[in-house]
Each structure stands twice: as C-alpha cells, then as structure tokens.
2 protein chains.
Amino acid sequence: MTGEPRIGDVFGEMLRDAYAVHTGIGPRPLVGGRLPRPVIEIIERDDGLINGAPAAHYLDGPQDWQPYDHRAVDRARGATLDIGVGGGRIALLLQERGVPVTGLDTSVGALRVCRHRGVRDLVLGTVDEHAADGRRYDTFLLLGNNLGLIEGRHRAAAFLAALAAMAAPGAQVIAHGTDPYGTKDPVHTGYHELNRRRGRLGGQLRLRLRYRELGTEWFDYLVCTAEELAGLVRDTAWRLTDVDDRDAPYYLATLRLAG
Amino acid sequence: MTGEPRIGDVFGEMLRDAYAVHTGIGPRPLVGGRLPRPVIEIIERDDGLINGAPAAHYLDGPQDWQPYDHRAVDRARGATLDIGVGGGRIALLLQERGVPVTGLDTSVGALRVCRHRGVRDLVLGTVDEHAADGRRYDTFLLLGNNLGLIEGRHRAAAFLAALAAMAAPGAQVIAHGTDPYGTKDPVHTGYHELNRRRGRLGGQLRLRLRYRELGTEWFDYLVCTAEELAGLVRDTAWRLTDVDDRDAPYYLATLRLAG
C-alpha cells in the first residue's frame with residue numbers, strides 16, 4: 001500500500017475531535033481504546049517536511065491569544081467577514097462585543113463546531129463563491145496566519161478581487177501574516193531557494209493537511225513579507241495602508257479600498 | 001515534488017528536540033522563529049492513517065508513568081537489557097535501584113540523550129547485532145509497547161532466538177503489549193481485516209515514523225493479543241509463563257527460558 005490518505009474534511013474532523021476534548025462531551029480520541037489521545041494537526045510540505053501541532057488553540061479563549069490577535073479584533077468595525085472562521089474563536093468575541101460578524105469556511109465540520117459554540121451567521125464556501133451572494137462587508141478578517149489564503153502571485157489578484165466585490169465603501173482587510181525569511185534553518189532556507197528557482201515566491205508553501213485517515217489535496221499557502229504583500233496588492237482595488245509588526249516576525253497588514 | 005521524507009534518525013532527532021524542551025537547554029523548535037513548537041512524534045500507517053502524539057512522554061519521570069510500567073520495572077532482576085531504551089526513563093530508575101542495566105537502541109540520537117541523562121551502559125544496534133557481542137542477561141525488557149519489535153510471525157522466531165542467545169540460565173522477558181481488537185472503529189477493524197487477507201496477523205502494523213524532514217523506512221510493528229503471542233512463542237526457546245492484564249487492553253507478558 002502507498003500510505004496515501006483519503007481526501008476529506010480534514011479540518012472539520014480534527015476540529016470535531018478537538019471540540020469533544022475541549023468540552024468533555026461526545027466520543028474523544030483514545031489510544032488503545034483507553035488512554036486519551038491529544039488532537040494533533042499534521043501539516044505536510046511538498047519537500048517532505050512534516051509538522052504536528054496540538055489543535056486545541058483553534059478553540060482558545062481570548063486570555064490565551066497572542067497580542068496581535070487582540071489588536072486585530074480591536075480594528076474590526078461594521079459588518080465583518082471572518083474568512084476561515086475555524087473554531088469560531090474570533091467570531092465569538094466579536095459577537096459578544098456587538099460587532100455583526102459572518103463566519104466563512106470551506107469546512108462543513110468547522111461550521112458545525114462554530115454553530116454549536118454559538119456563532120450565529122455562518123456561510124459555507126470560498127470567498128469567490130460568497131462574492132456571488134451579494135452581501136457587503138466593512139471589514140474582512142484573515143487571522144490565524146490566513147493571509148496565506150492569497151496563495152501566491154496568481155491567486156492573490158483574484159482573491160482580492162472577490163473581497164473588493166463584497167466590499168462596502170471604505171472597507172478594510174485586516175490580515176495576519178508572518179515574515180518567513182528570518183530563519184537560518186537550511187530546511188527552510190533551502191525550500192525558499194527551491195521555490196524561487198521554480199518561479200514562486202520564497203514562502204509560497206505547497207501543503208496538505210492530514211488527520212487520521214483523511215488528507216486534503218495539495219494547496220498553496222503564502223507566507224510573505226509585508227514588502228512582498230505590497231507588490232501583490234499593487235494593481236488591485238486595495239492599498240496597503242498599515243503594517244503593525246510589533247510582534248515581528250508576525251505582522252498585521254491593513255488594506256483599504258483604493259480611491 | 002512528492003512530499004517524501006529523507007531517510008534518517010527520526011527518533012533521535014525528535015528526542016534531541018524533546019530533551020531540549022524538557023531541560024530548557026539548547027536550541028528548541030520554534031514557529032516562525034519565535035513561539036515554541038511542541039515536539040510531536042508522527043506515525044504513518046501504510047493504509048494512509050496518520051497520528052501525531054507529543055514526544056515528551058519519552059522523558060517522563062516515574063510519577064507520570066502508567067501503572068504497568070511500574071509493575072514491569074519491579075520484575076526486573078539481575079543483568080537487564082532495556083531493548084529500545086529510547087530516552088532512558090526505564091534504565092534511569094533501574095540504575096537508581098542498583099539493577100545493572102544496559103540500554104540498547106538503533107538510534108544514535110536516542111543514545112546521546114540517554115548518555116546525557118546519565119545512563120551508563122549503552123549499546124547501539126539491533127538485538128541480532130548485540131547477540132554477537134557475547135554478553136548475557138537475566139532480564140530483557142520490551143517496554144513502551146515494544147513487544148511490537150517482534151514484528152510478526154516470521155521475525156518473532158529470529159528475534160526470540162537472538163534473546164535466547166544472550167540469555168543467562170533462568171532468564172526472563174518482560175514485554176508490554178496491547179490487545180488491538182477491542183475497537184469498533186472501522187479505520188482499525190478494516191485494517192485488521194485487510195491484514196488477514198494479505199496473510200498477516202490482524203494487528204501487524206506497517207508503519208513509518210516521521211519528524212520534520214526525516215522519515216524511517218516502512219517497518220512492521222506487531223500489536224497482538226496474549227493468545228497470539230502464545231502462538232508465536234511456541235517452538236521457540238521461550239515459554240509464556242504469565243500475562244498481567246490488570247490494565248487491559250494493555251498487558252505485561254512474561255516469557256521464561258524453556259527447560
């Protein structure tokens with residue numbers, strides 16, 4: 001056998017199990033049918049790198065967040081679209097503050113967890129699919145490193161066009177990114193070099209997620225500097241108006257509708 | 001690219017990082033060069049199943065062990081070979097108690113961690129390689145589920161013969177196993193069925209370990225019942241004299257030299 005996973009809702013299955021562990025309700029993963037097994041998100045990169053990380057942080061309350069998450073949430077105003085709503089941690093705080101928030105995700109399982117936790121307005125789909133729904137937003141949130149969803153040079157323009165199509169006048173994007181180039185680890189610097197040789201941005205990761213017997217298809221996820229982002233935003237409807245890098249290498253980029 | 005790992009000392013690299021986290025000394029894995037990244041062991045099965053688990057337990061002190069580990073250690077007497085010594089947790093307690101213990105492992109990195117933690121007698125190699133060294137033992141320990149090292153029908157006989165070649169008169173094997181058949185999870189019951197159809201024992205797992213850019217070759221690891229073990233021990237130099245299943249589905253099997 002090849003060891004290849006079956007394609008499925010990796011993120012949703014993982015989040016369902018993490019939520020069962022978090023609440024103590026429902027079947028929880030066990031080792032040998034007896035000892036609890038922590039829920040681990042596994043991310044493979046196409047050069048063979050693999051990393052696991054506990055999934056519990058998707059359900060963390062604000063007291064466990066990083067400082068940039070708090071600053072990002074404080075910037076949300078008006079009708080807000082939380083893109084990649086995940087376990088709903090950001091949307092729940094916005095709701096509590098009375099900010100009208102919609103959670104968007106491509107994972108049915110993630111939306112089920114959000115619903116159960118009390119997120120009221122949820123949409124299944126990509127930004128392109130949701131753009132066809134005719135709704136308008138004042139704030140678009142790309143948190144949890146989800147600036148990565150712009151994928152790379154080609155996809156960035158279409159992604160930002162979909163947001164522009166849903167944008168109310170004066171709308172903003174608040175995106176969490178990471179500068180990938182601070183490392184000296186040859187596993188990473190070698191990958192950045194390889195990427196450039198194949199005509200990609202250095203931090204344009206080709207990834208898939210795995211959880212138990214399931215995997216996603218391989219997809220691009222962009223880790224880029226604020227300077228690279230500025231280049232990608234040029235010639236779109238958006239302008240990069242602010243970069244908050246107080247927690248470097250992590251940063252919050254603010255885009256505003258041009259003109 | 002294929003996403004295939006490079007073959008290397010997966011366990012040793014993982015343990016080195018887990019030990020750095022444990023002690024707070026030396027370079028520790030980080031996310032984005034800044035936030036600590038927990039060390040996760042990743043195990044792939046050849047049907048595409050993948051699981052991650054925190055590696056910290058390899059360094060746990062006795063206060064964090066499962067009860068069967070304590071009962072196993074209490075049975076060690078005389079010159080003891082800890083097979084798959086790993087991070088040395090078992091060997092360290094035996095040393096403290098004055099039991100003469102030798103740690104055997106195929107991972108150079110694991111032996112380095114053991115050495116640093118104070119395990120005095122360490123051997124690099126397989127049981128077959130060590131059998132050629134002419135040393136004799138009264139107790140062989142296969143803890144941390146390492147009964148699995150007997151792999152399956154074919155390898156079990158050769159593995160037990162290697163132990164017999166190193167056995168002092170009256171020697172014993174204390175092995176920790178798990179009954180794999182209590183589960184109703186189709187991911188596992190289907191795999192057991194598939195295994196039987198290809199002429200293997202139900203719980204004869206085909207696995208590889210991965211850590212960062214490294215992977216092992218695919219190898220067999222046997223999870224079997226005490227009854228299946230009894231069948232594998234028949235026609236060897238050993239007799240299955242005791243099964244302690246107080247923590248079922250986990251059990252401790254004791255083998256003694258026949259005759």
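No other residue among B:G98, B:G118, B:G103 is small (G, A, S), farther than 20 Å from B:I174 by Cα and without any contact (Cβ under 8 Å) to a residue 40 or more places away in the chain apart from B:G118.
Considering the conditions (1) outside any helix (DSSP H, G or I); (2) within 12 Å of chain B (Cβ to nearest Cβ); (3) open to solvent by less than 50 Å² (accessible area, probe 1.4 Å); (4) more than 26 Å from A:G177 (Cβ to Cβ), A:G26 is excluded by exactly one of them, (2).
Scan the range B:235-247 for residues that are open to solvent by 20 Å² or more (accessible area, probe 1.4 Å) and either under 14 Å from B:I150 (Cα atoms) or modelled with pLDDT of 95 or more (or both) and the total you get is 9.
May I ask you to verify whether B:L93 is at pLDDT 95 or above and out of contact with any Pro (no Cβ under 6 Å at 6 or more places or on another chain)?
Working: at pLDDT 95 or above: yes; out of contact with any Pro (no Cβ under 6 Å at 6 or more places or on another chain): no.
So B:L93 fails the test.
Taking the criterion of being among the charged types (D, E, K, R), in contact (Cβ under 8 Å) with a residue 12 or more places away in the chain and within 14 Å of chain B (Cβ to nearest Cβ), the only residue of the range A:147-196 that qualifies is A:D179. In the condition set (1) within 14 Å of chain B (Cβ to nearest Cβ); (2) at pLDDT 95 or above; (3) closer than 30 Å to B:L205 by Cα, A:G109 is compliant with all but (1).
Count, please, the residues in the range A:188-202 that happen to be exposed (fewer than 14 other Cβ atoms within 10 Å of the Cβ), in a helix (DSSP H, G or I) and of a type outside the set (D, E, K, R). Lay out the reasoning, then the answer.
Step one: list which residues in the range A:188-202 are exposed (fewer than 14 other Cβ atoms within 10 Å of the Cβ), which gives A:190, A:193, A:196-199.
From the residues that got through so far, the ones that are in a helix (DSSP H, G or I) too are A:190, A:193, A:196-197.
When the remaining residues are screened for being of a type outside the set (D, E, K, R), the result is A:190.
Total satisfying the criteria: 1.
In this structure, A:V127 does satisfy being over 19 Å from A:A20 (Cβ atoms), away from every other protein chain (no Cβ under 14 Å), of a type in the set (V, I, T) and within 14 Å of the chain's Cα centre (by Cα).
Free of Cβ contacts under 8 Å to residues at least 40 places away in the same chain and out of contact with any helix residue (DSSP H, G or I) (no Cβ under 8 Å at 6 or more places or on another chain): does that describe B:A20? Show your work before the answer.
On the way: free of Cβ contacts under 8 Å to residues at least 40 places away in the same chain: yes; out of contact with any helix residue (DSSP H, G or I) (no Cβ under 8 Å at 6 or more places or on another chain): yes.
Criteria met by B:A20.
Assess whether A:R246 counts as being free of Cβ contacts under 8 Å to residues at least 24 places away in the same chain and either closer than 27 Å to A:I90 by Cα or within 14 Å of chain B (Cβ to nearest Cβ) (or both).
Against the criterion (free of Cβ contacts under 8 Å to residues at least 24 places away in the same chain and either closer than 27 Å to A:I90 by Cα or within 14 Å of chain B (Cβ to nearest Cβ) (or both)), A:R246 does not qualify.
Would it be correct to say that A:G144 is open to solvent by less than 50 Å² (accessible area, probe 1.4 Å), touching a residue at least 60 places away in the same chain (Cβ under 8 Å) and in contact with a Lys or Arg (Cβ under 9 Å, 6 or more places away or on another chain)? Yes: the conditions hold for A:G144. The residue that is nearest to A:R34 (Cα to Cα), counting only those in the range B:29-74 that are in contact (Cβ under 8 Å) with a residue 60 or more places away in the chain, within 7 Å of chain A (Cβ to nearest Cβ) and in a loop (DSSP other than H, G, I, E, B), is B:L49. Within the set A:L229, A:L252, the sole residue that is more than 10 Å from chain B (Cβ to nearest Cβ), surrounded by 18 or more Cβ atoms within 10 Å (Cβ to Cβ) and outside any strand (DSSP E or B) turns out to be A:L229.
Residues of the range B:26-52 that are out of contact with any strand residue (DSSP E or B) (no Cβ under 9 Å at 6 or more places or on another chain) and farther than 18 Å from A:V187 by Cα: B:G26 alone. Among the residues of the range A:203-226, some residue qualifies, meaning at least one is open to solvent by less than 10 Å² (accessible area, probe 1.4 Å), without any contact (Cβ under 8 Å) to a residue 60 or more places away in the chain and in a loop (DSSP other than H, G, I, E, B).
The values are calculated or read from the model by the stated rules, or taken from the named source; none is laboratory data. Since we're looking at a predicted model, the values are computed, not measured. Positions of Cβ are generated from backbone atoms using ideal geometry, with glycine treated the same way; all protein chains shown enter the neighbour counts. Note: accessible area is taken over every heavy atom of the protein model, side chains too, but ligands, DNA and RNA are not part of it. Shrake-Rupley method; radii C 1.70, N 1.55, O 1.52, S 1.80 Å.
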